[in-house]
Amino acid sequence: MLSRELYADDSVKWVVFGRDPAKPESVIDTNEYLIVSGDSAVLLDPGGTEIFPEVVSAVSDVVAIDKIKIIFGSHQDPDILSSLSLWLNLVPEVKVYVPWVWTGFITHFGCSAEQLVGVPDAGCSIELSPNHRLELVPAHYLHSSGNLHLYDPRAKILFSGDVGAGLLPANETALFVEDFPRHTRFMETFHRRWMPSDRARDVWLERVRKLDINLLCPQHGSIFRRPDVPRFFDWFGGLKLGSALA
Ligand SMILES: [Fe+2]
Ligand SMILES: [Fe+2]
């Protein structure tokens, strides 16, 4: 499984994992992100049960598993959280931040309500250390009815869940978007089908365009570097969403 450092300073590190060659072809490829901040770590959208052993192994090469204090789930999908009960067996004290609206559903993945922190619709801020906060940013209806993204103002990284997702064929392995116009072919059908609301998209764009972003990190496919971030916003802003209604 790919493991690549995306950002590092004296106390904070972002690492992405993905493109697991051993995963069954029937499951969708996902990116898992780890933020190590001082003595704690945060795991973003830990993924499905099928890739759990590979993710544990890749994460433990970067940080001791018991340093994981927070798991963040952007929304309720199985490719995001079906491994949750397995993670909770490993790190039972971890706090699992998810949109509040999904808490009663995510317990069906085999965790108790007490293990979940229901994040309000307006989002919230998580303080990892006095000079490192993470912002949980509302992204409702993109695509899920309760949906959050995560912004790290120190690393200038926005983790954008399914927004920006590219469904790459097996021969496309680039970690970063290299040719934005060409990359849109891997995103267009997905965004038009899975993102239902132009209004939700416009509200989100207005919010995230104000953020200082070096990397836009989706849960599937390649990562956008700074020049491609506003390009992605412009492209997404011009897309007709909700294709199944056509
Ligand atoms: Fe999803
Ligand atoms: Fe997804």
Failed item, numbered, when Ala113 is tested on (1) surrounded by 14 or more Cβ atoms within 10 Å (Cβ to Cβ); (2) aliphatic (A, V, I, L, M); (3) over 24 Å from His220 (Cβ atoms): (1)
Test: residue in segment 225-233 that is within 16 Å of ligand 2 (Cβ to nearest atom) and on the phi < 0 side of the Ramachandran plot: no
Single unsatisfied condition, Val177 versus (1) within 16 Å of ligand 2 (Cβ to nearest atom); (2) of a type outside the set (D, E, K, R); (3) in contact with a His (Cβ under 6 Å, 6 or more places away or on another chain): (1)
Close pairs from segment 139-150: first more than 17 Å from Gly104 (Cα to Cα), partner modelled with pLDDT of 95 or more and acidic (Asp, Glu), Cβ under 6 Å, at least 6 apart: His143/Asp162
Close pairs (8 angstrom Cβ cut-off, 6 or more residues apart or separate chains): touching a residue at least 40 places away in the same chain (Cβ under 8 Å) in segment 54-79, assigned to a loop (DSSP other than H, G, I, E, B) and more than 16 Å from ligand 2 (Cβ to nearest atom) anywhere: Glu54/Met1; Glu54/Ala22; Val55/Met1; Ser57/Met1; Ala58/Met1; Ile70/Val94
Any hit, segment 138-146, residues being under 15 Å from the mean Cα position of the chain (by Cα), closer than 18 Å to Lys13 by Cα and away from ligand 2 (no atom under 16 Å from the Cβ): no
Cβ-Cβ under 6 Å pairs, at least 6 apart or on other chains, segment 151-179 side away from ligand 1 (no atom under 16 Å from the Cβ), far side in a loop (DSSP other than H, G, I, E, B) and not aliphatic (A, V, I, L, M): Lys156/Asp212; Lys156/Asn214; Leu168/Gly221; Ala174/Ser222; Phe176/Ser222; Val177/Ser222
Segment 1-39, residues that are at pLDDT below 95 and in contact with a Ser or Thr (Cβ under 8 Å, 6 or more places away or on another chain): Met1, Ser11, Gly18, Arg19, Gly38
Any pair with Cβ under 6 angstrom, 6 or more apart, that starts in segment 181-208 at a residue that is more than 12 Å from Gly238 (Cα to Cα) and ends at one that is within 14 Å of ligand 2 (Cβ to nearest atom) and among the aliphatic types (A, V, I, L, M): Phe186/Leu167; Phe186/Leu168; Phe190/Ala165; Phe190/Leu167; Met195/Leu142; Ala200/Leu142; Trp204/Ala139; Trp204/Leu142
Which numbered condition Ala170 fails, given (1) modelled with pLDDT of 95 or more; (2) under 21 Å from Asp29 (Cβ atoms); (3) among the small types (Gly, Ala, Ser): (1)
Candidate set from segment 221-246 (those that are at pLDDT 95 or above and of a type in the set (Gly, Ala, Ser)); member that is farthest from Leu211 (Cα to Cα): Ala244
Wholly enclosed strands (runs of 3 or more DSSP E) of segment 1-104 bearing at least 1 residues among the acidic types (Asp, Glu), within 15 Å of ligand 1 (Cβ to nearest atom) and within 17 Å of the chain's Cα centre (by Cα): 32-37
Among residues of segment 79-108, those that are touching a helix residue (DSSP H, G or I) at 6+ places or on another chain (Cβ under 8 Å) and within 16 Å of ligand 2 (Cβ to nearest atom), counted: 6
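The values are calculated or read from the model by the stated rules, or taken from the named source; none is laboratory data. Only a predicted model underlies this, so the values are computations on that prediction, with no experimental measurement involved. FYI the Cβ positions are ideal-geometry reconstructions off the backbone, even for glycines, and counts take in every protein chain you see.
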